[in-house]
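Shown next, in structure tokens, is the structure this report addresses.
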Number of protein chains: 2
Amino acid sequence: MSGLRFEISAEDGGARSGAVHLARGVVRTPAFMPVGTAGTVKAMLPEWVAETGADIVLANTYHLMLRPGAERIAKLGGLHAFMNWSGPILTDSGGYQVMSLASLRKITDDGVRFRSHIDGSEHFLSPERAVEIQRLLGSDIQMVLDECAAYPATEAEIERSLALSMRWASRSKAAVGERGAAAQFGIVQGGVYPHLRQRSVHELLEMGFDGYGVGGLAVGEGQAAMFDVLEATVPHLPKDRPRYLMGVGKPDDIVGAVLRGTDMFDCVLPTRSGRNGQAFTWKGALNLRNARYADDAAPLDERCACPACTSYSRAYLHHVVKSGEIIASMLLTWHNLTFFQDLMRALREAVGNGTSVPFAARFLTQYRGGKDGESDG
Amino acid sequence: MSGLRFEISAEDGGARSGAVHLARGVVRTPAFMPVGTAGTVKAMLPEWVAETGADIVLANTYHLMLRPGAERIAKLGGLHAFMNWSGPILTDSGGYQVMSLASLRKITDDGVRFRSHIDGSEHFLSPERAVEIQRLLGSDIQMVLDECAAYPATEAEIERSLALSMRWASRSKAAVGERGAAAQFGIVQGGVYPHLRQRSVHELLEMGFDGYGVGGLAVGEGQAAMFDVLEATVPHLPKDRPRYLMGVGKPDDIVGAVLRGTDMFDCVLPTRSGRNGQAFTWKGALNLRNARYADDAAPLDERCACPACTSYSRAYLHHVVKSGEIIASMLLTWHNLTFFQDLMRALREAVGNGTSVPFAARFLTQYRGGKDGESDG
């Protein structure tokens, strides 16, 4: 339980700002974690990821266990050395990708047997193996293996799935034992059913984790339902432990979730959108493929200090997006990650100043009025 | 004719080292020019291109005239501002790409009519239009439009093509007039026929250019034939003008051509190979896809100071190449361009020390003995 120290420096309604102290560095919260799926935040060098203001990155157990393999990474000195990122790394458990990418899945109480989406090879992931893989990678924050239920699902289906996830959480907690300095987060499941979410929180608290993920959201339920679940869940979580809303999200999702007491986020949106020619700005998302930018000498976002905005015009970005040039992915990913980190910084400041609610209102008005309309990811 | 000043600081047999002084900067020679086809050296930021040691980049008239268009780039402040490269830029005339990429080409004495490979739109390139486009781009060194004859070709075909290229060169010279500070290079053609090469040199010298390209090589004739052509051509070129071997080449081509008195080179090999998982080293080219690198904790090239070599293992590079990650293209392109610039620096030093011949012998022995065999591009 000594894997992290969480310090809350300010509270503003349900929102809070602070810092997660880990052996490899301090994560300022609310925090956005760029996704470094296969040992790289796509189209970025790790030095740039740090320059955007990110304190921590996420890496995917599923991808790395299949290629290049957790034992191989361990032999090469661990994931930090392998991918040249010396700051903290949070690893997921692999469960979500097994459900969404692998084929021929067979779930039993033991774990999940599946075939690799890369080469069809057979693999087995159990709560214990997920802990072992994350230990081999050298993760700073481990997530427990859970079952990610499909959406929509009946209450009975969610209840059955939740029971399995809670048994797995207990085994994950037992497996991590005293064997290392990594933190371990449990994951609250329970779909859109408040009493199941609360049952999940209750069971996880009995086990006791360093922090708590809220899983199974942003899977199609919509923002209003997601916020309802947060409002039914977060007040039951211990105040002194970080809360991580997994796989979220869009800028307005993040703003709303921070107001509802969430501390940590991850999402592929800024990186994936960057590779697809979409740029996030304070005035909404822009689609750089749009011909209206072909002669636009203005910067992407005049408030942004990233290289895409300080050294290039929208016309240039339009040109390289249209031409399929790699620099388009590099610059737009850099910009989007900078925007997400700037947003997190602004949220931390607003919480610190006690202005998070008016900040959120101003942000949403400006962001949703954006020219190319709101991003849908 | 005031577009450049060429200074020779050392000579060693046929080889020389020196500097081309241009309004936007000094190009140390022998020089390798990275290719920035469509306003970007693929997978690189311009700052990195400069960090590799490159003093000048090449941009392609054909690509830029089609997308985003020369007039558009001029309105946006010229190519340097557009692509964020403040150093010198050499532009080709577009002729080579028209021959290799465009469809429905129709060549007349006036110029060449063709359809874009991007959208099928019809375009016309004449010697005068090629000069105009390069002026709109803001090129520092313009190349004249020439016809790139197919290989192999009969002596009669080459003679006819050469005559057209020389008429076009004369019109290009007339078109550039006194309208700017850019330098203009003529291009020696004549296939593998020494007397035609010499006729071409003679006619170009009568027109008088700031420098001389040697074109129509590295098109399949082989290294020995290419060196034969250089030996039959270079001694007839004026000593006090830079000589540019166009589209060359492999490291051993460059070394041999420097010994034969060539000053400037360009080739897509380091950038394209980088995107294909191939790395150039002093011990030959390595194919990072090779499974032998999966557990190799050593750096790509222990002599190299580029980020790929100082911050990553061969095992990591193998992983990201196999996984198709953009960072693989970024790191390997950076490495390859660093290698090419390190090679040019070593050649300049060897010429300065009067040791270019033994340097070349040592280089070739080591390079050709490399583990994965010689690159064929």
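Quick one: which of A:Lys42/B:Lys322; A:Lys239/A:Lys283; A:Lys75/B:Lys322; B:Lys250/B:Lys283 span more than 22 angstrom between C-alpha atoms?
Distance filter (> 22 Å) returns A:Lys239/A:Lys283.
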Over the range B:255-324, calculate the relative contact order: mean separation of alpha carbon pairs under 8 Å at least 6 apart, over the residue count, as a percent. 25 percent
With springs only between Cα atoms under 10 Å, which of B:Ser200, B:Ser273, B:Ser103 fluctuates most in a Gaussian network model of chain B? B:Ser103
Expressed as a percent, the accessible surface of the range B:297-377 that is carbon or sulfur, using a 1.4 Å probe and the full set of protein chains, is 48 percent
Starting at the first residue of the range B:236-248, write each ³J(HN,Hα) from the Karplus equation 6.51 cos²θ - 1.76 cosθ + 1.60 with θ = phi - 60°, in whole Hz, x for Gly and Pro. 8, 7, x, 5, 8, 10, x, 10, 10, 8, 6, x, 10
Label spacing, shortest first and in nm, from B:Asp295 to its equivalents in the remaining copies (7 angstrom along Cα→Cβ): 6.2
Under 5 Å, built H, 5+ apart or other chain: amide partners of A:Ala15: A:Gly261
Would you mind telling me the antiparallel percentage of the DSSP bridges in chain A, rounded to 5? 50 percent
When only Cα pairs under 8 Å and 6 or more residues apart are kept, what is the percent relative contact order across chain B? 18 percent
Can you pull the percent of Cα pairs in the range A:286-353 with separation above 19 Å? 35 percent
Using only the Cα atoms of the range B:7-72, construct the convex hull and provide its projected area averaged over every direction, in square nanometres to one decimal. 6.0 nm²
With a/c under 1.5 counting as rounded, go ahead and sort the range A:1-158 into rounded, prolate or oblate using the C-alpha gyration tensor (a ≥ b ≥ c being the square roots of the eigenvalues; past the cut-off, prolate if a/b is larger than b/c, else oblate). oblate
Report the accessible surface area buried between chains B and A, summing both sides, using a 1.4 Å probe on protein heavy atoms only, in Å² rounded to the nearest 100. 3100 Å²
Setting aside same-chain residues fewer than 8 positions from B:Lys106, which aspartates and glutamates have a Cα under 15 Å from its Cα? B:Glu122, B:Asp146, B:Glu147
Short version: ³J(HN,Hα) in whole Hz for each residue of the range B:276-289, in order, from phi by Karplus 6.51 cos²θ - 1.76 cosθ + 1.60 (θ = phi - 60°), x for Gly and Pro, what are they? 9, x, 9, 10, 8, 9, 5, 9, x, 8, 10, 9, 5, 5
Estimated dipole of the protein assembly as shown in Debye, rounded to 20 [Cβ of Lys and Arg +1, of Asp and Glu -1, Cα centre]: 140 debye
Probe 1.4 Å, accessible area per residue of chain B, Å²: 36 Å²
Select from the range A:38-56 all residues whose loss of accessible area on going from the chain by itself to the full protein assembly reaches 50 Å² or more (probe 1.4 Å). A:Thr40, A:Leu45
Who wins for biggest fluctuation among B:Phe363, B:Phe32, B:Phe340 in a Gaussian network model of chain B, springs between alpha carbons below 10 Å? B:Phe363
Calculated label separations, B:Glu349, copies of the chain, 7 Å along the beta-carbon direction, nm: 4.8
When chain B is turned about an axis onto chain A, which of its residues keeps its C-beta closest to that axis, and how many Å is it? B:Ile326, 3
Computing the accessible area with a 1.4 Å probe over protein heavy atoms, can you report the carbon and sulfur percentage for the range B:194-279? 49 percent
How far is A:Tyr151 from the same spot in each other copy, in nm, shortest first, if each label point sits 7 Å from Cα toward Cβ? 5.9
Base-10 log of normalised Debye intensity for chain A (one unit scatterer per alpha-carbon) at q = 0.06, 0.11, 0.15 Å⁻¹: -0.22, -0.75, -1.38
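With a cap of 15 neighbouring Cβ atoms within 10 Å, and only residues DSSP puts in a loop, list the GluC sites (Glu not before Pro) found in the range B:89-190.
B:Glu178
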If N is the residue count of the range A:246-377, its Cα Rg over 2.2 N^0.38 Å rounds to 1.04
About the Cα centre, and with charges only on the beta carbon of Lys, Arg (+1) and Asp, Glu (-1), how big is the dipole of the range B:140-208? Nearest 20 debye, please. 120 debye
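The values are calculated or read from the model by the stated rules, or taken from the named source; none is laboratory data. Everything quoted here is computed from the prediction, not taken from an experiment. All Cβ positions, even for glycine, are placed from backbone atoms using ideal geometry, and neighbour counts span all protein chains on display. Note: accessible area is taken over every heavy atom of the protein model, side chains too, but ligands, DNA and RNA are not part of it. Shrake-Rupley method; radii C 1.70, N 1.55, O 1.52, S 1.80 Å.
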